Structure formats: structure tokens, C-alpha cells
1. Please give the Cα centre distance for region B:303-382 versus region A:130-172, rounded to the nearest Å.
2. Just check region A:655-731 against the gyration tensor rule for me: Cα atoms, a ≥ b ≥ c as the square roots of the eigenvalues, rounded for a/c under 1.5, and otherwise prolate or oblate depending on whether a/b exceeds b/c.
3. Subtracting the Cα-Cα distance from 0.36 nm times the residue separation, let me have the gained length for A:R717 to A:R488 in nm, one decimal.
4. From the P(r) of region A:423-559, could you give the percentage of C-alpha pairs in the tail past 26 Å?
5. List, by residue number, every residue in region A:525-574 with a reduction of 40 Å² or greater in accessible area between the chain on its own and the complete protein assembly, 1.4 Å probe.
6. So what J values fall out for region A:581-593 if you push phi through Karplus, 6.51 cos²θ - 1.76 cosθ + 1.60 with θ = phi - 60°, rounded to Hz, Gly and Pro as x?
7. Ordered by residue, what ³J(HN,Hα) values in Hz, to whole numbers, does region A:554-568 give under the Karplus form 6.51 cos²θ - 1.76 cosθ + 1.60, where θ = phi - 60° and Gly and Pro are x?
8. Can you give the FRET efficiency to the nearest 0.05 for B:D241 and B:F362, using r as the Cβ-Cβ distance and R₀ = 41 Å?
Amino acid sequence: MANSFGGFLHTSPLSNLTSSTSRPPDPHVALSSNCVRDHLGPVVQSVSDALHSRGPSTLSELTSTMRERCMRDWNRERGRLVDGLLLLDGGTAAGSAAAANDNARRPPHTTTTTTTTAMTTKVSMNKARGPESAGFVVDPSRICAALVVLLRHSLVDVSGGGGGDPASPRTRYTYTFLPDRARLLMRHSRYVQHVRDVTTDERASAVVECLLLNGRMTAEDVVRGAWGTIGRRRRMRPRDDDDDDGRDGADDNNHGIDVDTNNDDYDNEGEGNVDDVEMDKALRGIVRAFVKLVEWGYVEAVKPIARNRDLDRGDKNRNDGTNGAGEFEFGMDEDGTIVVEGGTNGGRKRSAYDARESNGEGDERPTKKRAIGLRTDDDEDGGGGGGGSGLEGGDRRHHPRILSLLSSQRGLVPRGSVYRANTSMFHASLRAMAIGRLVSEMYPDEGDGGGGGESDGPRHAGAVVRAALMHAAREEHAPGVEESEEGRHGRMAGLGTFSPPDLVPYLPQDVIGSLRSQIGGIDRNLTALLVRMSKLRHPPVLLEVEEARGHPRGGKFEVCTRQLLRRMRDRIQHRVLSSHHGVVAARVVSVLRTRGHCESDVVAEDAMVPAREAREVLHRLHRDRYVDLFDMHMTKTHNTGTAIFLWDVIPSRLSKTVIDNVGTALLNLRLRRQHEVEVGKDWMDRAKESGATEENFHEGDKRKFHKFCMGLDRLDRACLSLDETLMVLKDF
Amino acid sequence: MPPTKRPIVTAATANGIKRNRTLVGSATTGAARSNNGGGGGVGVAIKSEASSSTSDNGELREEFIQLLSSAKYKGRGIANSVLKSHFESRYPELVPIINELTRASRLTMSKLASKAGEAEVYFSLLSVEEATKLQGLDAPTKMVYQVIEASGNKGIWTVDVRVQTNIQQATLTKIFKVRLFISFRSCRSNLSPPARVSSSLHPHRQIFTRAQKKKQLETRRLIKPIKSVTAKTKKLYMLYDLAPAKEITGGPWYSEYEFDHEFIAELRNFILMCVKRMNGGLGVGKGVTLVQIANKMTQANVSRVRLSLDEVQQLLQTLTLDYLVEQRGVTEGGEALFVAAKQVTTMCDFGWWDVLSPDFHFRGIRFEDGVYLSPHEPHHHT
């Protein structure tokens, strides 16, 4: 099939796209696949595509699928001969020579690879149909490693096992790809920025960035990684900006959350030449930010992926909920037979690594995570025991200062616990911001009424709604350290409802000051404000669950989140329709939503457009799957002349169409950007080196490069805007 | 609402009433004989009998007309079965009366479904003025007239008339509007020799008069052709005195069968301005009611035609659907209060939907601020 993209590849061999430019049948799956490729590479994309196309699969099923799709036809005799090279003495020289000769004769994607181990030289033939950069992978260890990457980033769900011995070869696990989580990979920058906005703390954003980059990490690794991130940021930033770090709008932009703004030690952070005192201050700040994020629910504890060594040792704590019962690594021998590595059960295959480990060479054993080369801050800093080494909940030695700082927080951060960024909390928090803004725009404060000079909205409505939703999000995602079962049930039952005193910690200082300065104090005034807000009906904002009068806590209220969200989504759909098909089309859809099944003449009359124009618009909308056509035939012969044609909008289908279109647009924009970057790669390299070499310095080139960068910037902005829309429509 | 299909009954004998030739016919014959000359005594006797029957007929006629004129049978008319039960034995004597009234175009007959669901003949009386209008029309023309009349103020398409009346198109065209030269020829051929002589003196007048009387429903201003805004090529007919329905003319939103976009845009702008400006003064920012907006429009005289409250509501509805105006509460009387919609951040700034097209990757992109990304050349190798 012709690939009109030429050399630009963005799909894996197991992609669901039939051609490079075809419209994907499910844009969100294609978008997820693209995100995986963009963030984790083509091999991981292939594995995720295989998992998605197969559905829930075991590792052996996954491997066989991958081999079936990615393996080329190869000569059995030749394969036998190549395998035979392993057994020969002095095979290193022979194998290397053979491989070199073969490589010279064959195209690059069919080169023979040479793997050197401590024992001997093993020559293996590359049996893949294409290069690994295009996602062709048949090596079981590579597939396994890619699966571990997906596990680390929580993009794969593990089920099965049956509660038996996880190290037993009979225990089978099923892996399910989670495309909706993979789609969130592109939203990482938004999460980092949001944390920075909410906490006004540079260190908190560094912690989140580190966690998002590595998937899941121990607290020690997070602290160390964040320290490296801050140092790198500092090195990349011009000196002039240093004084402003983390302090922008700390007082007026804290969104009502009580935060610690003591950022005196920023200037000294990083892994440059710092003395012990400065390092101590920096680490203390990072630990404080980390603990705060855990308390607020932005970072959550998860089950770690158990290491083979832990399974071997029979770690007593492996089923305690924090040490990863149910998630551990598999290995595969050279024949492709799947074994659970590191097991000690009789009759179970053991890998060569395990054999060597038992001989006292265990420390040199490369883990799979190291093999796939995870990007970590520690790798570039040369530090040991970083998050990228994949040592979760382990015993790798950390900086003593980090351990001592965390030791005082063991109630909240147990030893060996593993953490990841809590995307649900991020979405709840972002939703609180968005709905709060919506309410403040619909019911502006008395001072800053709309264009008509209206001032019917109660003051601080937006801030109150935002505070209420933030409170609800914290209640849901950030439970206390010690919580009984009963307490948990009580918390879940009362989720979403709040009393006036609950909001105070989340209200901005100016709102608190305003309420406090009025007669009656903050509690009474806040209750009165909430009661007044509950009277608003167009649209409803608050619901008075328990009457405020006589209530010991000033009443109980609930935010009408569903109605407000629906209003926001309706606006988005209207905006999409009006920008895609025009104002008349948006109006026609609104008419159909209001009236239900209608003939085109009725639609035309209600929308106040000529009948012909209404028909044209309706057919266009029907072609694009925004509206539905119901033809009622009056005769048995289905004579169209006598049929009655009724138009209708099914809200769920309309919503799905809008979401699909947004997803497709986002996918196309991302592909365009990636294509642009690939095409302009040399150009960008030249521009980067323009200062270094004289030949690369040319005014015309610089101008063109600047325009090119501007174009990329516009594409990025469009992607961000679409992602924001998608977030409201799909993830809120 | 589509016109009811009413099969037209062309004569009283068609259904229901059968002429009793032995009774009425013999009496008529006898009377005629007496008029033509005969014996004196016998003749007187017959004459007296005839005069008594004439007076009876007159009474019956009066009773029949009164019955038809009653409010109960005004619209649909009176059913044949009702006539039978009402007049009982005198029912056969109605035949000459019905024929006479039919000839005078005072009576129309139509076949409609009764309450029992069976088709039945209904008689309805026309006023003298209406009868005068229809005088001289032959049966097919009357049938066409009745079909058009039944369509009401929505009119009826000529094709539908043809289907309902089973009249050929050429004949139908003549019935609607006969051209002068056709009338001339047809009329001349039908004229008697003395009439031809007289017509030679005033040929055009004579022929034109006859043609008018016979066929031209349109020229006699009994019907008029109209066009619908929904189907401009279709020719509809309706009674001359009726005003076309709003569905046909399009209401005030159409002028000369064309949708008046500018007029509507002006009215929408005016209403939007009303909602914004009046909101501060009336109800202390709580909103404006529909009646207030309509009154303001009347005061400002923004429209040449007077707009009804429904039409103003229709305009306001479009503004609501466009999220330019929104309801914000109700008055004590239950009237909706409208305010200008607030500008809300939609979180959907993207408006460049060309990206959905299949060839998007090979298009040049020009952004709003003039930044341009050149297109990629597609590669067609395999």
C-alpha cells in the first residue's frame, strides 16, 4: 500500500490504521498509540498495539502475536547454522566475522546481531521483518521489557494469578492495555503546570514531573529525582529569572489553598556545587513538597512491581498491600518459553541470570528496566539508586540525608512504598478550576458585572464553588493516614456534600477577609452566601441538602456538578458546531435537541432559515454524524415519495461525534507536528549549531528556521487547546 | 393540514335519492298536459291539484332551506340519512327541489364519511352571493371549485386537483384559465345560428362572456394562483377571497417569496440591544419579559408589518438557541425573564476543522497571525 508520508512512520506493524492517512476507526485508540510511541518509543507502541488488538492476553499469547506479525520468513537451515555458532570454541571471532559479512550484504533491518555475555559469544539472527525503530520486534526479552515499561506507567492492567504462588509457572497473568490512560501521556505538561499553579511551589512541580516521567517510584527516588530535575531546570534557565522562581503570584494566585511559600532555598537547589547546608535545605523543601502532594492526593501510593529477587527471598511483606502482590516480572528463555524469573520452585526453568546470581554474580545482573534505557535524572547525574533503575521498594542505598528526612514522615510515607501521579485527582482539581471559572463568569461579582450592567450574582460564587469542589476532590482522593473502615464508609457516603466550615481552608484569602469583615463573622456570612447561591436556578449552582437554619454546622450543601458540566459541554458542542458547520447548523442542532423528532420544515421555521438551507444543513450534519434521520415509510414498498423524514439529535451520539472529531483533529495535528519535526530535523540541527560553526550561520536560514519554529509553536498551541476540550468532554 | 379528499357527487341521483317518476313525474306531466290544452273541468281539477302541489312544494322547499341553513348543518352540510329521517314520506318530493337548487348553484353535494365510517352524501346550502358566483359553471368546473375550496387557505397543487377530480390536464387547464382564442373557437362552434348572427355584430363580447361563464374560474375571480415559499415552482390554487396561510407565504419573514435575511438580522440585533439596555432599567437587572420586548419593538417601529407576540418569541428563541440570550428566572406572573448571555470561557478555542480532511498533511497551513507552514509533498512509492 502506498505510504504517502514517505519515510515518516507513525504506526506500528500492529496498528489499527489501514493506511498512513486514513481516518482511524477509533481516533482515541490511534491517539493513545501515538502518545505511547511519542513518549515510550516504537517497540512499546508495538506491544501496546498488540495488546489492544488481541484484548486481554497472557505474555505467551502476546509474544506469539508479535512474532506472527513482525517476523520475516527466514531460512531454517541458515538459522540452525547460526545457532550452531554458539557451540563452537572461539565462536567470538567466527560469529563476529560472519555477522559483519552478513551485515555488509544485507539491508540494515536484517542485520545479524551479536550478543556478548560473560560466558561466551552468542550469535543470533535478527528475525524481524523490519527495524526496531519501526516497531518490529520479535525478541521475547524486548517484548517483556516493553510490557514492564507499560506496567510501570500504569498503562496495562494485570489480572489473574488466582491468588496462588506468583512465582509458580502455572500461575498465569492476563494483561490488558488501558488506552484511556495512555492518552493522558500527552497531558503531563498540563499536570506539571497545574501543580505549580495550585501549590505555587517549584519543587512540587519537579516532584510531579519526575513521577510522570518514570511512572512509579519510591519516595527516596522521587526526592532524588526531583532534586535532579530542579538542578537541570536551573541550569537551563537564564540567570535573570532565578529570582522569580516559584514566587510568581504566590499571594494572589494560590487558588484558595493554604500553601507554604517559604521558598528561600530555591537559588541554592540543584546538583551543582552546593555545600551540605544548601543541599539539606533543598532536600528538606523537596520532601516537604512531596509530603504535601501525598496529603493533598496529587500523588498516590500504589503497589510496586515485585522484583524477582524479592520473590526469591520470600519477602514477608509482599502481600501487605504496598509491596506489590500480583505484579512481578516474567522472563523468557532463548527458545521463547516463558518462565518466571528468579523462582526456586522445583521443575521450573531458570534463566542464565538466576544461575549466575546463585553463583554470587547477582549484583551484576542487568534488570529489564535498565535494558530498555529509561530516562532518568539519575542516569545523567551519575547518581546511584535513582528511580530509573527500576528499583522500587528496594534496598538500594540512598542518600542518608534523604532517608533521615523521610524517616520523620514514615506514618504517611512507609518505607519501600511506591508512588505515582494520581491523574484522577489532577482531573478533579482541574475540573474544580474550570467549573469555578464558569460559575464566576455566569454570576460575576457585584463589582464587575457583565456588559449589560447586571449584578444579580452573589459575590464570590466562583471561588466558593471552586473551594467546594476542591474539598470534594481532596475527600475522595486524599484520605487520612489512619482511617478505619467505618470512617471510610462515612467519608464515601458524604462525598460531595459539605458544610460551610469545610470550605474555609480552600477559600482565597481575599474572600475570607471579605466575609470576615462583614457583620456576623465568616461562618454566618458564608452560610448566608451558600443559601443565597442555592436559590440560583438558571443554572442551579448549589443544592441545599440539609437546611441551614438551626443546623449545627450551618447546613449541608452540594455543588450541582452535573448540571454545570452539562452546561459547559453544551457550550463546547455548540462552539464546535458553529466553528465547523456555521452558526445556522449549531442552531439547527439546538432546535432538534429541544424539540425532538422534527421534519425539516419545522426545523427551518424554528431556526428561522429558509427551508432549502435548513435541508442542506441537515444533510451536511447527517453526513458528519451529528444528527440522525428517521424515515417513516407509509407503504410496504418503501416508496420514498410518500415517506416521512424526521430528523433528530441523540445527545449521546452527538457527544460521541464531537469527541471523536476532537480526537481525530488532535491526532492529525500531532502527526503533522511529528512529521514537520522529522522533515526539518537536519535544519534544526544546523540551527542549533549555528553559533558553533561559521558555515551554519546564515541570516536567511535563521529567518526560515524562526518561521518554522513559529509554525511548530502554533501547532503546539492548537494541540493544547484541543486537549483541553477533550479533557472537559471525556475526562471530567 | 392537507385538503380532505372529497369525492364530488355530480347529481342528486347519483347516490341516495332516486327519482320517483311515477309520483312526481306524472304530476309534472299532467300539469304540463293541462298547460298545453285539454278539457276544462279536468283541466281545472288538475290545475288545482297542481297548484296545491306547488304550494306544498314551496313549503317543503322552505323547510328544506331552513333545515340546511340551521347552524347545526352549516359547515359540513346535512347527511342524506338525516334528510330521510327528517322528511320521511315527503323525502321523494325533495328531488325536484334539490335539482332546482343545484341548477341554481345554491346546493352542493359531497360524499363524506359519516360517523359510522360509511361514505354518505352530504348536502350543503350556499348563500345567494356564492350561488351567483357559481352560476353558469358546468359540473367539472364546480367539482374543481369544490376541491379547491376544500383545501382552505393552504391551497392545492394542480397535480393534486387532477388526481382528486380525475379530469384530464388539458381540460383542467381550460377550467382554471381558458385562453381567449380557445374560447372563441369552441364557443362559435356551439352557438346557434341566430346567436352567430348576433355574435357577428359583437363577436368578442359575446364569446368572452360565454367563456367566462362557462370555464374561467380564475378570470371570474373565484380562485387565484399562489406560490409557496417552500416550493416556488409548484403552482397552487386557492379560493380568491381567502388569504394564504402562513405556511404558504412564509409569514413576515419572507418578502416576494424570498427569505429576508437582512430584516431578520436587524430584528435580532434590535432584540439583543433591548435585552441589554432595558435590563438595567426594568426589574433592576433581573431580566426583560417577552411582552416588554414586543412593546419596545412596536414603539420603535422597527418593522413595517406588525409582529405578533409569537413572532417576537420566535426571534427571541433563535437568540436563545445561539446562546446570545438566556432565561434568568420568572416574574411573579410566571413570565420568563431574559438577560443577555454571559461570555463564558468555552475551553474550545480551536476552530480550524480543516484538520479533519484526509489530505490535511499535505496542505499548507496559514495560521491566523500569518505564520505559514508549507505543505509536504506526498510520496507515492510503495
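1. 47
2. Judged from the Cα gyration tensor, region A:655-731 comes out prolate (a/c at least 1.5, a/b above b/c).
3. Roughly 78.3 nm would be gained on extension.
4. 23
5. Flagged in region A:525-574: A:H538, A:R571, A:H574.
6. Per residue, the Karplus-derived 3J(HN,Hα) values read 10, x, 5, 4, 4, 4, 5, 4, 5, 4, 4, 5, 5 Hz.
7. Each residue of region A:554-568 in turn: x, x, 10, 10, 8, 7, 7, 4, 5, 5, 5, 5, 4, 4, 5 Hz.
8. In this case the efficiency is close to 0.05.
The values are calculated or read from the model by the stated rules, or taken from the named source; none is laboratory data. Worth saying up front: this structure is predicted, and the values here are computed from it rather than measured. Ideal geometry is used to build each Cβ from the backbone, glycine not excepted, and the neighbour counts take in all protein chains shown. With ligands, DNA and RNA removed, areas are computed over all heavy atoms of the protein, side chains included. Shrake-Rupley method; radii C 1.70, N 1.55, O 1.52, S 1.80 Å.
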